[in-house]
Amino acid sequence: MSSKPINYELEKNMEVISQLDAVVGHAVDNVLVDPDTCWQPSDFLPDMANPEALEDIKLLQKRAEGIPDTVLTSLIGNMITEEALPSYQTYFNLLEGINDERSLLSPSGWVRWSKAWTAEENRHGDLLNKYLYLTGRVDMVAVERTIHRLISNGFDANTDADPYQAMIYTSFQERATKISHVNTGKLADKAGDHVLSKICKTIAGDEARHEKAYKTFMSEIFKIDPSGAMVAFEKMMRKQIVMPAVLMGEGGSRQSLYKDFSEITQKVGIYTGWDYARIIQHLVDFWKIEAVTGLNDMASKAQDYLSGLADRYMRLADRMKAPDEIKLAWLK
């Protein structure tokens, strides 16, 4: 009976990740916000205990009337993505070197981070879900079925259980989510819904803090193991970043749901191919990829590839045509 071959690269990566536990614990205490002081969804929604609550709902619905169907559909897709947090926390805790004790009560920095990070993220889906319900413009049964299906289908970031690749993925994804919420907020403001605009910008602020933390974690990995970090970055970029909600339509009657949602965000400028290219460039600049020294041959080749990657994606984005026809979903 043959034993499973030892993956020395993954073992080395796990050892480096364990060295960052104190750094991550510090981020939990200083980057994330205490539940007693941070914002909560109810801060932005009508207070149902208030005698004027029904009037407040009417005002909310009046403001929401001006939001274009495309923007509303994109907002719903963003909310559905946020609601799949059970999958994201499970994924994070299954990464090699993150939760070796397999205990959610572990005092380790990484386990504390996974819980506190997803707790902060949980507010985003809660707020957007309630807001969309109150607008009266959304087929909530269809939305709820999509959330149910997405969580049931699970999530695979395609990082091969490698914690290095996971830090790159989350650095990229948090920035992408921030951009999506910021641009949605701008369009909501343009449509006359200043409350929704504030909601989106507030959520984007959370994503910005989380993005900064993940980029800092990866910066520490580059300091300790520059060659391993560089190769992991290349691997992740060659596979491309799989968006968290990619399986939202899998198993349903409309399996193209994620593609349709993506085409809408591209058409209205909420998240585009140019954004993808700019995120790559931002990470290359932030981690000073072109200036990293002391690399082995494989990492040097990865460095060359990464240095010109954003330009390649920018040229692809320039040639990409926004779809003439888009299919809306989840609206009444």
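The values are calculated or read from the model by the stated rules, or taken from the named source; none is laboratory data. Predicted model only: the values in this text are computed from it and were never measured. In this analysis, Cβ positions are derived from the backbone assuming ideal geometry, glycine residues included, and neighbour counts consider all displayed protein chains.
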Report task. Answer yes or no as to whether Lys198 is surrounded by fewer than 23 Cβ atoms within 10 Å (Cβ to Cβ) and in contact (Cβ under 8 Å) with a residue 24 or more places away in the chain. Result -> yes
Query raised in the report: Is it true that Glu234 is among the acidic types (Asp, Glu), within 22 Å of Leu316 (Cβ to Cβ) and assigned to a helix (DSSP H, G or I)?
Result: yes
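Here's the yes/no breakdown for (1) in contact with a Leu (Cβ under 7 Å, 6 or more places away or on another chain); (2) surrounded by fewer than 17 Cβ atoms within 10 Å (Cβ to Cβ); (3) small (Gly, Ala, Ser):
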position: Asp36; (1), (2), (3): no, yes, no
position: Pro41; (1), (2), (3): yes, no, no
position: Glu52; (1), (2), (3): no, yes, no
position: Lys58; (1), (2), (3): no, yes, no
position: Ser74; (1), (2), (3): no, no, yes
Requested in this report: Kindly establish whether Glu290 is more than 23 Å from the chain's Cα centre (by Cα) and either closer than 18 Å to Val71 by Cβ or assigned to a helix (DSSP H, G or I) (or both).
Outcome: yes
**Report entry** Filter result (exposed (fewer than 14 other Cβ atoms within 10 Å of the Cβ) and assigned to a helix (DSSP H, G or I)) within the range 301-332
**Finding:** Asp304, Ser307, Asp311, Arg312, Arg315, Leu316, Asp318, Arg319
Report task. Kindly indicate the residue of the range 239-255 that is in contact (Cβ under 8 Å) with a residue 40 or more places away in the chain and not hydrophobic (A, V, I, L, M, F, W, C) and also farthest from Ala84 (Cα to Cα) among those meeting that condition. Result -> Lys239
Query raised in the report: For Asp156, are the conditions met, namely being surrounded by fewer than 23 Cβ atoms within 10 Å (Cβ to Cβ) and over 24 Å from Ser42 (Cα atoms)?
Result: yes
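Taking Arg145 as the residue in question, decide whether it is charged (D, E, K, R) and surrounded by 17 or more Cβ atoms within 10 Å (Cβ to Cβ).
no
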Query raised in the report: Among Asp285, Asp275, which is the only one that is free of Cβ contacts under 8 Å to residues at least 40 places away in the same chain, part of a helix (DSSP H, G or I) and not aliphatic (A, V, I, L, M)?
Result: Asp285
Query raised in the report: Looking at the range 115-129, is at least one residue surrounded by 23 or more Cβ atoms within 10 Å (Cβ to Cβ) and more than 30 Å from Arg63 (Cβ to Cβ)?
Result: yes
Query raised in the report: Quick one: would you say Met298 is under 29 Å from Val231 (Cα atoms), over 21 Å from the mean Cα position of the chain (by Cα) and at pLDDT below 95?
Result: no
Report summary line: Exception for Leu132 within (1) crowded, with 18+ Cβ neighbours inside 10 Å; (2) among the aliphatic types (A, V, I, L, M); (3) more than 30 Å from Asp100 (Cα to Cα); (4) out of contact with any strand residue (DSSP E or B) (no Cβ under 6 Å at 6 or more places or on another chain) falls at (4)
Query raised in the report: Quick check, is Pro68 surrounded by fewer than 14 Cβ atoms within 10 Å (Cβ to Cβ) and either closer than 30 Å to Lys332 by Cα or among the charged types (D, E, K, R) (or both)?
Result: yes
